[in-house]
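The block underneath contains the structure these notes are about, expressed in structure tokens.
The values are calculated or read from the model by the stated rules, or taken from the named source; none is laboratory data. Bear in mind the structure is a predicted one, so any value in this text is a computation, not a measurement. We place every Cβ from the backbone using ideal geometry, glycine too, and count neighbours over all the protein chains shown.
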Amino acid sequence: MDIALSSLRFAFQSMKENQGCAGVDRVSIRMFEENEGVNLQVLQDELFRKVYRPYPLMKVLIPKKDEETPRALCIPTVRDRIVQKAVLNLIEPILDKEKATPVFPAPFDINAWRCGTQERR
């Protein structure tokens, strides 16, 4: 995948605004930012050479007020969130164009379709 360094930098800046904690690699946003240029260059190189592999998610159990069973929250690493955001920024305009084109002929009853009762035309 060929993602420009500027795309990764933009993704990091927008991801940084959302904050968040470190993943399984224990690298926080602040730690990543200390060597931002090198870190983003390494990430771009891994993507270009097709050797990038995401880290496992860090599972954190969040207690719920009303229930006994806690909710599992899976946290990706900072580097993985950057790649996710950069890829989203690349494909979102393409998907938005496709979404603008109706997939089903009108009129379409979504509830009937979900139940499998939509008549075929």
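Of note:
- Among residues that are assigned to a helix (DSSP H, G or I), over 19 Å from Asn18 (Cβ atoms) and at pLDDT 80 or above, Leu88 is not included.
- Residues of region 30-71 that are of a type in the set (A, V, I, L, M) and closer than 19 Å to Val87 by Cα: Leu40, Val42, Leu43, Leu47, Val51, Leu57.
- Residues in region 1-38 that are in contact (Cβ under 8 Å) with a residue 12 or more places away in the chain, among the hydroxyl-bearing types (Ser, Thr, Tyr) and not in a loop (DSSP other than H, G, I, E, B): 2 in all.
- Matching residues in region 39-72 - criterion: being assigned to a strand (DSSP E or B) and loosely packed, with under 12 Cβ neighbours inside 10 Å: Lys59, Leu61, Ile62, Arg71, Ala72
- Positions within region 73-90 being surrounded by fewer than 14 Cβ atoms within 10 Å (Cβ to Cβ) and among the aliphatic types (A, V, I, L, M), in sequence order: Leu73, Leu88
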